[in-house]
């Protein structure tokens, strides 16, 4: 028995998908990144990318955390740091999903 022994906190970066709705907005943002800071109503992410569009084949919001972007999903270029407010849900990303988020081509808009 480990009486008095504390488990060391993990030093591995936590890669997450955040689902947030700004006050008064009718749409939600889906953002992937490395969690830097978390509070009750906002998070700070590093190397963040946003899903601008995701279709049925993505498996919904939790599918984006499990599978990563797929099909016609449109993802932004990464930014070094972003604060996301209005967080309603945050899900840990699977390692396969992290690979797809980081390697997905970024959407440059309509041609």
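Quick note: the coordinates plus some simple rules give every number you see, no bench work behind them. The model shown is predicted, which means the values in this text are computed figures rather than measured ones. A quick note on method: Cβ atoms are made from the backbone with ideal geometry, for glycine too, and the neighbour counts reach across all protein chains shown.
The table that follows gives values for the structure above.
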read-out: Only listed residue being part of a strand (DSSP E or B) and within 11 Å of residue 15 (Cβ to Cβ), chosen from 91, 51, 65, 97; value: 91
read-out: Pick from the stretch 67-101, criterion without any contact (Cβ under 8 Å) to a residue 40 or more places away in the chain and exposed (fewer than 14 other Cβ atoms within 10 Å of the Cβ), ranking: farthest from residue 56 (Cα to Cα); value: 80
read-out: Test: residue in the stretch 28-43 that is closer than 23 Å to residue 95 by Cβ, assigned to a loop (DSSP other than H, G, I, E, B) and over 13 Å from the mean Cα position of the chain (by Cα); value: no
read-out: Selection within the stretch 42-61 - in contact with a strand residue (DSSP E or B) (Cβ under 6 Å, 6 or more places away or on another chain) and either closer than 23 Å to residue 80 by Cβ or surrounded by fewer than 16 Cβ atoms within 10 Å (Cβ to Cβ) (or both); value: 42, 43, 44, 45, 46, 47, 48, 49, 50, 51, 52, 53
